[in-house]
Amino acid sequence: MPTKTDPFSVLVDIESKSRALAEGLPAQEDVIELWNGIGFSLAGHKFVAAMGEVVEILPVPRFTQIPGVKGWMEGIANVRGRLLPVMDLSEFFGLDHKTRSTRDRRVLVIEKDDIFSGLIVDGVLGMQYFPIDSFQTGKSDVPDKIQDFVSGYYARSQDRWNVFNTDNLIDNPNFLNVAQ
């Protein structure tokens, strides 16, 4: 039996063998769009701030106290040549700290327009990802003092991650008025 040796016949033969031995494509899966943010704890509650709202996370820096300011205004820190007002978020809301160690506390640096501030939180819980369609609006389980700064929540397992809106905090006149 004569074999075909012309190039086209060889290519047709390779193609048929390749198709016969090829595995099928993986099943098409629906892509779930995720919302992401920085998780943090405050007074025993879990919060998440949108990625675009937090520009940096720092250990609590050394700061200089300022006389004549409210108790939640800790002071001013020099962070790479920029003066960073450092504020205790738990004290701003009049809440108790749930962390025993100051070692776990962190500063979330926020910046909007000409406002550059550091918010001390009880701990940072890393990047958090949630399916966008799992966002819930309505009353959250946080104290009433914080309700105006929470735009909703994501539920995961037994945890409720409250979405903290730093823009609402910056726009709040009480936050901007640090003088006693």
Say we join alpha carbon atoms closer than 10 Å with springs in a Gaussian network model of the chain; which of Val124, Val31, Val150 then has the biggest fluctuation? Val31
Could you compute the net charge surrounding Gly71? Neighbours are other residues with a C-beta less than 12 Å from the C-beta of Gly71; K and R count +1, D and E count -1. -2
Measure nothing but the geometry: give the 0 to 90° angle between the long axis through the Cα atoms of 7-21 and the longest principal axis through the Cα atoms of the chain, rounded to 10°. 50
Find out how many positive minus negative residues lie around Glu56, taking Lys and Arg as positive, Asp and Glu as negative, among other residues whose Cβ is under 12 Å from that of Glu56. +1
Could you work out the relative contact order of the stretch 30-112? I mean the mean sequence separation of Cα pairs under 8 Å and 6+ apart, divided by the number of residues, in percent. 32
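Between Arg19 and Leu34, 0.36 nm times their residue separation minus their Cα-Cα distance comes to what?
1.7 nm
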Along Cα→Cβ, 7 Å out, is where each label goes; now give me the distance between the ones at Tyr129 and Val10 in nm to one decimal. 4.7
Choose one answer from Ser157, Ser90, Ser134: the residue with the largest mean-square fluctuation in a GNM of the chain with alpha-carbon springs under 10 Å. Ser157
GNM result for the chain, Cα springs below 10 Å: residue of Pro61, Pro85, Pro26 fluctuating most strongly: Pro26
Please tell me the relative contact order of the chain in percent, rounded to the nearest whole number, where contacts are Cα pairs under 8 Å and at least six residues apart. 24
Would you tally the net charge around Val107, using a Cβ to Cβ cut-off of less than 15 Å, leaving Val107 out, and scoring K and R as +1, D and E as -1? -2
Need the full-extension length gain, Ile115 to Arg62, defined as separation in residues times 0.36 nm minus the C-alpha distance. One decimal, nm. 17.1 nm
Loop only by DSSP, 10 or fewer other Cβ within 10 Å of the Cβ. Give me the trypsin sites (Lys or Arg not before Pro) in the stretch 58-129 that pass, ordered by residue number. Arg62, Arg80, Arg100
Using a 10 Å Cβ count of at most 15 others and DSSP loop calls, identify the longest part of the chain lacking such GluC sites (Glu not before Pro). 34-180
Hey, what number do you get for the chain at 222 nm if only DSSP H runs of n ≥ 4 count, each worth -39500 (n - 2.57), divided across all residues, to the nearest 500? -4000 deg cm²/dmol
For the chain, what is the number of Lys pairs with C-alpha distance below 28 angstrom, counting only pairs 8 or more positions apart or on separate chains? 13
Would you mind listing how long the chain runs along its three principal axes, going by Cα atoms, in whole Å with the largest first? 102, 41, 32
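Coordinate-derived values only; no laboratory data. Since this is a predicted model, take the numbers as computed values, not measurements. Here the Cβ is made from the backbone with ideal geometry for all residues, glycine too, and neighbour counts use every protein chain on show.
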